[in-house]
Amino acid sequence: MLTSNTAETGQSGLDFIAAALEAGHKLTLYVRNPHKLPKEVSDNENVVIVKGKLDDEEGLKKAASSGAAVFVSFAGPVSRSKGTVRFSPLSGSCPLF
């Protein structure tokens, strides 16, 4: 199965990627910082990486056009952030999917 994911450079996202690849899935990863992905992910033939931010409509369109059957988002506050999340990536990107 082909999945399209956002914000997977945190531990939850990396754990998901490892499990999905182990299960034989193909992934399109939409990431702000591709250099944060482990080499075994970025070099994997079943992984396509699209660089962009969550407010980048063109980048999101490119990731969404991968033909994925499933969209998974790991976007959220980082561990040291304070207060309420002010941006919901799905509010802007859902129409694209």
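The values are calculated or read from the model by the stated rules, or taken from the named source; none is laboratory data. The structure displayed is predicted, hence computed values, not measured ones. Quick reminder, even Gly has a Cβ in these numbers, built from the backbone with ideal geometry, and neighbours come from all protein chains shown.
I need the full set of residues from the stretch 39-52 which are assigned to a loop (DSSP other than H, G, I, E, B), in contact with a helix residue (DSSP H, G or I) (Cβ under 7 Å, 6 or more places away or on another chain) and not polar (S, T, N, Q), in order please.
Matches in the stretch 39-52: Gly52 only.
If you go through the stretch 6-17 one residue at a time, do you hit one that is at pLDDT 85 or above, closer than 20 Å to Gly67 by Cα, surrounded by 17 or more Cβ atoms within 10 Å (Cβ to Cβ) and of a type in the set (D, E, K, R)?
No, the stretch 6-17 contains no residue that is at pLDDT 85 or above, closer than 20 Å to Gly67 by Cα, surrounded by 17 or more Cβ atoms within 10 Å (Cβ to Cβ) and of a type in the set (D, E, K, R).
Being under 20 Å from Gly67 (Cα atoms), in contact with a strand residue (DSSP E or B) (Cβ under 8 Å, 6 or more places away or on another chain) and of a type outside the set (D, E, K, R) is the filter here, so list the residues in the stretch 22-38 that pass it.
His25, Leu27, Thr28, Leu29, Tyr30, Val31 - these are the residues of the stretch 22-38 that are under 20 Å from Gly67 (Cα atoms), in contact with a strand residue (DSSP E or B) (Cβ under 8 Å, 6 or more places away or on another chain) and of a type outside the set (D, E, K, R).
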